[in-house]
Amino acid sequence: MTTKLPQPDTLPEDCRPRTLMVHGGTRRSGFEETSEAMFLTSGFVYDSAEEAENAFANEGSRFVYSRFRNPTVAMFEDRLAAYEGYERCFGTASGMAAVFAAVMGQLKAGDRIVASRALFGSCLYIVKEIAPRFGIETVLVDGTDNAQWAEALSRPADMVFLESPSNPCLDVVDLKTVVKLAKAAGAKVVVDNVFATPVLQRLKPLGVDVTVYSATKHIDGQGRCLGGAILCDAEIAAKLGLFLRHTGPSMSPFNAWVLLKGLETLELRVKSQCDSALAVATALEESASAARVRYPGLKSHPQHDLAIRQMAAGGTLICFDVVPRDGETEKQAAYRVMNALRVVKISNNLGDSKSLITHPATTTHQRLTDEERATLGILPGTVRLSVGLEDPADLITDLTRALSAS
Ligand SMILES: *Cc1c(COP(=O)(O)O)cnc(C)c1O
């Protein structure tokens, strides 16, 4: 059957990933626009009743409804898929919509998930609280301990879910080992790659079946809109495609357009933010007022060797403990420093062009018990810093002044 779809721009086969992030997935509407068009439409019209019938009979031959697929969303999806090397990408309304569909869209009652304990709060809620309600068994392990993965995966499993580096304490999971153990146990591997970003950690070559993102973070990278993405190959895509189409966590075309433009500058932004993060982490490590500075790019990180083998750089996030002064609690010390910052803003968000700091114990991880927080390395004086695009010298000055302010 003939298709009315504008064809994607063709690029030389040997184009490098950075070029794919600028041109990949582009389809011109017929007006020959340079910048991709935003298709704010829920539906599409047919020339005839026969054409409508054909559209439903030949799936994928054209656009039929924006809950299924939308041209602007498709450009975002195709561009990210081209960069990552997966056959398919699905844009979703938020990162959590992507995680929920990637997990619940593949599993059924009686299945078993093995997940690392250090997960983004809402991801932990899905595997620990929601999945068991549907008869899915969840086993949590310390993601940094290969022996615990081996033990949990010595029995058959259906899914492995993890995050590396993890939020907020930047634990690194040995992906090669865990993927191998997962495959031997018959499990599909789903990785939340938000902290590493598509730029620093490529998961498809490691055998990761599904990569998920909160596009809200570095992919937008400018704090403007919510979005998510699921990347996988055709077999899983067939299953997830139906789940997504019928449950409807679709990405809005407006957000897709914002995120599509975000992809064009993602590499430049993330690389610059990583350089700044290393400089800031190094300065913090030299400060007597900051203890236990955790940054995968620093030699002092307990898994530094693994981190540099697995990631192209140390990432854009840093975690550290503020040292209390006489008569001050750890929490008071953390608050004192956060409140004294003038360039770095207080926010629970991350992956923004603006540097953001958060106190995990009282915000993102408030609902955990003290003991649960301690297992994750979150102490009352722990703060998480997301490094933005400011001049790193100003960030260092801001932090140094705040750490020494009275
Ligand atoms: C923010 C975040 C999510 C959730 O993404 P939303 O876009 O806020 O729904 C999931 N995982 C990690 C690691 C995150 O940082």
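The values are calculated or read from the model by the stated rules, or taken from the named source; none is laboratory data. Keep in mind it's a predicted model, so treat the numbers as computed, not measured. FYI the Cβ positions are ideal-geometry reconstructions off the backbone, even for glycines, and counts take in every protein chain you see. Side chains included, ligands, DNA and RNA excluded: accessible areas come from the protein's heavy atoms. Shrake-Rupley method; radii C 1.70, N 1.55, O 1.52, S 1.80 Å.
Quick one: among T369, T265, T382, which has the greatest mean-square fluctuation in a GNM of the chain with alpha-carbon springs under 10 angstrom?
Among T369, T265, T382, the largest mean-square fluctuation in the Gaussian network model of the chain belongs to T369.
Which whole-number percent is the relative contact order of the chain (Cα, under 8 Å, 6+ apart)? Walk me through the numbers on the way to the answer.
On the way: 796 pairs, mean separation 61.0, N = 406.
Across the chain, relative contact order equals 15 percent.
At 1.4 Å probe size, what's the solvent-accessible area of D305? Round to the nearest 10 Å².
100 Å²
If you plug each phi of region 111-121 into the Karplus form 6.51 cos²θ - 1.76 cosθ + 1.60 with θ = phi - 60°, what whole-Hz ³J(HN,Hα) values come out, in order, with x for Gly and Pro?
7, 9, 10, 10, 10, 6, 6, 7, 10, 3, x
Given a 1.4 Å probe and the protein chains all in place, what does the accessible area of F100 round to, in Å² to the nearest 10?
My reading of the accessible area for F100 is about 80 Å².
From the protein chains alone at 1.4 Å, what is the descending order of accessible area for I113, I308, I396, largest first? Provide the component values of the computation, followed by the final result.
Working: I113 0, I308 100, I396 50 Å².
Largest to smallest exposure gives the sequence I308, I396, I113.
With a 1.4 Å probe and every protein chain left in place, tell me how much accessible area K345 has, in Å² to the nearest 10.
100 Å²
I need to check one value: relative contact order of region 78-195, counting alpha carbon pairs closer than 8 Å and at least 6 residues apart, in percent.
Details: 179 pairs, mean separation 28.3, N = 118.
Relative contact order, region 78-195: 24 percent.
Whole number in Å², please: accessible area per residue of region 17-263, 1.4 Å probe, ligands, DNA and RNA not counted.
On the way: 9720 Å² over 247 residues.
Averaged over the residues of region 17-263, the accessible area is 39 Å².
Take every DSSP beta bridge whose two residues both sit in the chain, then give the antiparallel share in percent to the nearest 5. Can you show the working numbers first?
Details: 22 of 40 bridges.
In the chain, approximately 55 percent of DSSP beta bridges are antiparallel ones.
Within 9 Å, Cβ to Cβ, of F120, how many net charges do the neighbouring residues add up to if Lys/Arg are +1 and Asp/Glu are -1? Before the final figure, lay out each step's value.
On the way: positive: none; negative: E163, D192.
Once positives and negatives cancel, what remains is -2.
For the chain, give the magnitude of the charge dipole about the Cα centre (Cβ charges: +1 Lys/Arg, -1 Asp/Glu; no others), in debye to the nearest 20.
On the way: 43 positive and 48 negative charges, 79 e Å.
Computed about the Cα centre, the dipole is about 380 debye.
Determine the relative contact order of region 290-363: mean sequence separation of Cα pairs under 8 Å and six or more apart, normalised by residue count, in whole percent. List each step's numbers first, then the result.
On the way: 81 pairs, mean separation 15.6, N = 74.
For region 290-363, the relative contact order is 21 percent.
Of the heavy-atom accessible surface of region 312-406 (probe 1.4 angstrom), what whole percent is carbon and sulfur? If you can, show how the numbers build up before the last one.
Values: 2250 of 4470 Å².
Of all accessible area on region 312-406, carbon and sulfur atoms account for 50 percent.
Near K331, which lysines are there with a Cα under 23 Å away, not counting those fewer than 8 places off in the same chain?
Candidates past the 8-residue exclusion: K345.
Please give the helix 330-340 orientation as an angle from the longest Cα principal axis of the chain, in degrees from 0 to 90, rounded to the nearest 10.
70 degrees
Using a Gaussian network for the chain with springs between C-alpha atoms less than 10 Å apart, which of these wobbles most: T19, T34, T216?
In the Gaussian network model the winner is T34.
Quick one: helix 253-286 against the long Cα principal axis of the chain, what's the angle to the nearest 10°, folded into 0 to 90?
The answer is roughly 20 degrees.
If DNA, RNA and ligands are ignored and the probe is 1.4 Å, what is the ranking of Y213, Y125 by accessible area, most exposed first?
Working: Y213 5, Y125 115 Å².
Result of the area sort, largest leading: Y125, Y213.
I'd like the orientation of helix 71-84 relative to the chain: the angle between its Cα long axis and the longest Cα principal axis, in ° from 0 to 90, rounded to 10.
For helix 71-84, the angle is close to 60 degrees.
5 Å is the cut-off here: which amide hydrogens, built 1.01 Å from N in the peptide plane, fall below it relative to A290, excluding neighbours closer than 5 in sequence?
HN-HN under 5 Å from A290: V323.
Could you tell me which GluC sites (Glu not before Pro) in region 46-127 are loop residues by DSSP with no more than 15 other beta carbons within 10 angstrom of their beta carbon?
Details: sites: E50, E51, E53, E59, E77, E84, E87; in loops: E59, E87.
Listed in order of number, the matching sites are E59, E87.
Over 20 Å between Cα atoms: which of K217/K261; K188/K239; K108/K176 fall into that group?
The pairs that break the limit, which is 20 Å between Cα atoms, are K108/K176.
For region 37-48, in order, what is each residue's ³J(HN,Hα) by Karplus, 6.51 cos²θ - 1.76 cosθ + 1.60 with θ = phi - 60°, in whole Hz (x at glycine and Pro)?
Karplus values, whole Hz, x for Gly and Pro: 7, 9, 9, 8, 9, 7, x, 9, 9, 10, 5, 7.
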